[in-house]
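Here's the structure, in C-alpha cells; my notes come after.
What follows is calculated from the coordinates using simple rules that are stated; it is not laboratory data. The model shown is predicted, which means the values in this text are computed figures rather than measured ones. We place every Cβ from the backbone using ideal geometry, glycine too, and count neighbours over all the protein chains shown.
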Amino acid sequence: MNNKNFVLGAIVLVLIIIGGGLYLFNQPQNISPTPSLATSTAPIADVIDNFTNSTSTSASSTTTVFNSRDPWQVLTKYLAAAKAHDLKALTDLSYQTSPACKDLKQQANCFARMDSVYQLGKMIKPIDYISKWEDGKQMILETATIADNHGTTSVGYKQGIIVFTKKASGDLQVLYFNPNNGWYVSAVSDSSLTPEEKLRGLMADTDQDGKDDQVETCTNQPDPASCIKTDPNKRDSNGNGWWDGVEMYFYK
C-alpha cells in the first residue's frame, strides 16, 4: 500500500511539473498590466504625458498593456487624446462625438472643445471617487459630497461624477464627467425649510441612477416645459437598458 501511494504521489508531482512548465512556456513574455490609478492621490494630469497604449524600448523590456475595462486608464487615455487633438483616439474612447468634430469645417471649434475637456478633467484625482455603480451597460463613479459655501450669500455641496458606457465586449467608453457638479441655495431661508433641508431635497437620488429626483420629476427646473419626466424610483424608466442618469447625457 505504501509503495502504491508513493508511485501515485510521484506521478502527480511529475504532472504538476509538466503542467507548470507548459503554462509558463505558453505565457506572453515581458508583459505586465498597467497598474490601476484608482488609489492615486495625484491629479490625472501628472500621468497623462507618460501614458501610452504600450511602450517597449528593447527586446528585454516590459510591455505595458492598456486595460480597456479599467475606468482610470480609459479616462487618462481619453484626456491624453484630447490634449493631443487626436480625434481618432478620442472617438474610439467616447460613446459619442461632438457634432463640431464631425465637420472638417469646424476643426478649430472641435479642437477648442478638446482643450476644454482636457482642462476640466486634468485635475481629477482618482482616489476621490469612492462610489461606483455599474451593470453590463454602464458605470458611474462619484466622489463624496463636499461643502462648497460662498460667503454669506449661498451654501451648497459639490460632487464629482464620471459616467462610462460599456460596449458588448465590456470595454469602457467615456460619456460624461464633471468634477465640479454642484447644488446651491440661498444662505438665507425664505421658507419653512432650512437651506440644508433644501439642499438635501436637491441632492436626493433615490434610485441611484445619477439623476436627481427633482430633475426626474421636473420639480423646480429652469425650463419645465421641455423637461421630460422619468421615474425617480426606477433606474431605467423606459426599459431600454440605459439608466436615466446615463441616458440624459446622450445627444438628442
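Rounded to the nearest 20 debye, the dipole magnitude of the stretch 136-247 is 280 debye, with +1 charges on Lys and Arg beta carbons, -1 on Asp and Glu beta carbons, and the Cα centre as origin. Within the shell defined by Cβ-Cβ distances under 11 Å, the residues around H85 carry a net charge of +1, with Lys and Arg each +1 and Asp and Glu each -1.
Across the stretch 136-247, C-alpha contacts under 8 Å between residues 6 or more apart give a mean separation that, scaled by the residue count, equals a relative contact order of 19 percent.
Based on every Cα atom in the stretch 68-182, Rg and the maximum pairwise Cα distance Dmax equal 15.5, 50 Å. All other residues whose Cβ lies under 15 angstrom from that of K102 are scored, Lys and Arg at +1 and Asp and Glu at -1, for a net of +1. Distance from the Cα centroid of the stretch 208-252 to that of the stretch 129-168 is 16 Å (rounded to whole angstrom). With point charges of +1 on the Cβ of Lys and Arg and -1 on the Cβ of Asp and Glu, referenced to the Cα centre of the stretch 136-247, which listed residue (T143, P232, Y157) lies farthest in the positive direction of the dipole? Towards the positive end, the residue furthest out is T143. Within the shell defined by Cβ-Cβ distances under 13 Å, the residues around S68 carry a net charge of +1, with Lys and Arg each +1 and Asp and Glu each -1. Summarising the label geometry, the points placed 7 Å from Cα in the beta-carbon direction at T219 and A168 lie 4.1 nm from one another. If R0 is 25 Å, the Cβ-Cβ spacing of A187 and A144 corresponds to a FRET efficiency of close to 0.70.
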